[in-house]
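Below is one structure; the comments refer to it alone.
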Amino acid sequence: MRNFFHGTHHRPTWRKAGKHEGFRQVGLKLRHIKRLNRRYGQVWIPKVGWVRFRWTRTIADTVKSYRVTLDRSGRWHIAFAAIPDPVPGPDDGSVVGVDRGVAVSVALSSGELLRVAGLRAGETQRLRRLQRRLARARRGSHRRARTKLAIARLRARETDRRRDWVEKTSTDLARRFDTIRVEDLKVRAMTRSARGTSDCPGTHVAQKRGLNREISRQGWGLLVARLKHKAQGRLEFVPAAYTSQRCSRCGHVAPENRKSQAVFQCVACEAGPCNADVNAARNIAAGRAVTARGDLGASRSVNREPQFCSPAA
């Protein structure tokens, strides 16, 4: 509070035990980091001494600070602050469209369907049992603390797998394609709660909460954030309006084109059925988007646009 009143720092905020544990150290020098072998290294921490950590990636020579944190599963982490270099692209003019979904995490305009690696069936069942045990445990008891730690470890395992998938997928896309186009989605607004207020309560709150949970599990925002870092200047955003209802072949827009969640069949050109997410990804790759449906009963020329980019480019 003294620093706040002097005007040198922001106002202090409350920190929850077990959630915001950690500290940041600035003024790091290269002599404070040593590599012991292929897997381990050690860092000098003031008032603590040399602390060993697992060496997972190359540490740049430009690092000046690091942060030590403790997550809810009881694991200590150290992160060195450095700006990584972007991943070089093929420089061949290739374009790919990325459609993010819930049933399929990522669909590419090339026809590939990618899914996030989450918890396995046995791990999901164990998580549900632990959650029921947590609901019955008395607050402040050791049994409740052990159950929370077990749940946190499963959650951390799921988060690690999602981050690993995002890193590998974003690196692969940045290396294979010169231009990457994604939908311009406001993920933070899409995952906002629908509870409302006491005066105006929301409807279908449980269904919306389940949708928010699935969107968060797919890592929509993290994937785009990593693509921004790895494919700097090569990431383009396309408006998401009616990309799932538009035919990537003839350009006709109609709600009847979407037969189901996974099947798309145009009612105008009567092309063979295809995957709905792949069709949307091809519209994104071509940069196609409409802001209004217009007169769907008019001729097909109203909804038709010239195809200036091949779907699999």
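Laid out as a table, the results:
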| quantity | calculated |
| --- | --- |
| Exclusive hit being loosely packed, with under 13 Cβ neighbours inside 10 Å, more than 14 Å from the chain's Cα centre (by Cα) and within 26 Å of A117 (Cβ to Cβ), set S244, S198, S260, S193 | S260 |
| From the options D295, D277, residue that is more than 22 Å from R175 (Cα to Cα) and either among the basic types (K, R) or at pLDDT 90 or above (or both) | D277 |
| Flag if I180 is at pLDDT 95 or above and either under 30 Å from G287 (Cα atoms) or loosely packed, with under 14 Cβ neighbours inside 10 Å (or both) | yes |
| Pair list, Cβ < 7 Å and 6+ apart or interchain, from the range 1-28 residues that are farther than 25 Å from I78 by Cβ to residues that are assigned to a helix (DSSP H, G or I) | R11/F4 |
| Sole residue being surrounded by fewer than 17 Cβ atoms within 10 Å (Cβ to Cβ), charged (D, E, K, R) and within 21 Å of the chain's Cα centre (by Cα), chosen from R67, R126, R72 | R72 |
| Filtered residues of the range 129-156 (kept if touching a helix residue (DSSP H, G or I) at 6+ places or on another chain (Cβ under 6 Å) and of a type in the set (A, V, I, L, M)) | L130, L134, A137, A150, I151, L154 |
| Helices (runs of 4 or more DSSP H) wholly inside the range 167-244 that include at least 2 residues being touching a strand residue (DSSP E or B) at 6+ places or on another chain (Cβ under 8 Å) and closer than 17 Å to D277 by Cβ | 220-230 |
| Answer from R67, R136 - the residue that is assigned by TED's automatic domain parsing to the domain that holds R176 and farther than 15 Å from L173 by Cβ | R136 |
| Qualifying position, being more than 30 Å from L28 (Cα to Cα) and among the polar types (S, T, N, Q), among T69, T124 | T124 |
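This table checks each residue for (1) at positive phi; (2) in contact (Cβ under 8 Å) with a residue 12 or more places away in the chain; (3) among the small types (G, A, S).
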| position | (1), (2), (3) |
| --- | --- |
| R38 | no, yes, no |
| I45 | no, yes, no |
| F53 | no, yes, no |
| G74 | yes, yes, yes |
| V87 | no, yes, no |
| S94 | no, yes, yes |
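The values are calculated or read from the model by the stated rules, or taken from the named source; none is laboratory data. All values reported here derive from a predicted model rather than from experimental measurement. Counting neighbours? That spans all protein chains shown, and the Cβs are built from the backbone with ideal geometry, glycine included.
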